[in-house]
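To start, the structure under review is shown below, and the notes come after it.
The values are calculated or read from the model by the stated rules, or taken from the named source; none is laboratory data. This is a predicted model, so every value here is computed, not measured. Counting neighbours? That spans all protein chains shown, and the Cβs are built from the backbone with ideal geometry, glycine included. For the accessible areas, the whole protein counts, side chains as well, though only heavy atoms, and no ligand, DNA or RNA atoms are used. Shrake-Rupley method; radii C 1.70, N 1.55, O 1.52, S 1.80 Å.
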Amino acid sequence: TYGLETEDGRPLPLEETPLWRAMHGETVTDATWMVRLRDGSRRLLAGTASPLRRPDGSLHGAMIVTRDESERRRVDEERRIGAFK
């Protein structure tokens, strides 16, 4: 129900999503992506994803930690524009 997109609005292919990558053994750090919510609004998320492994080293799953960067990005942009006035 959520649409994942690149920051420029292109659909984010499943294979490029941090959670999918972690489920396949990759550790992903400092990734950013957009989430289109049901109401049509978009939020900028940033985070990391890590594979979870069993004691024998085999993949068991993955975990992802995200933070909403939308407000911080908006404030940064306002400051940048204000600096040019």
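Quick look at the values:
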read-out	value
Top-ranked residue in the range 8-29 [being open to solvent by less than 80 Å² (accessible area, probe 1.4 Å) and part of a loop (DSSP other than H, G, I, E, B); ranked as modelled with the lowest pLDDT]	9
Subset of the range 51-66 that is in a strand (DSSP E or B) and open to solvent by 40 Å² or more (accessible area, probe 1.4 Å) - its residue that is farthest from residue 15 (Cα to Cα)	53
Residues that are open to solvent by 70 Å² or more (accessible area, probe 1.4 Å) and under 18 Å from residue 19 (Cβ atoms), drawn from the range 67-82	67, 68
Selection from the range 30-49 of residues that are closer than 17 Å to residue 71 by Cβ and either of a type in the set (Ser, Thr, Tyr) or assigned to a helix (DSSP H, G or I) (or both)	32, 41
Residues within the range 30-50 that are open to solvent by less than 90 Å² (accessible area, probe 1.4 Å) and either in contact (Cβ under 8 Å) with a residue 40 or more places away in the chain or closer than 20 Å to residue 62 by Cβ (or both), tallied	10
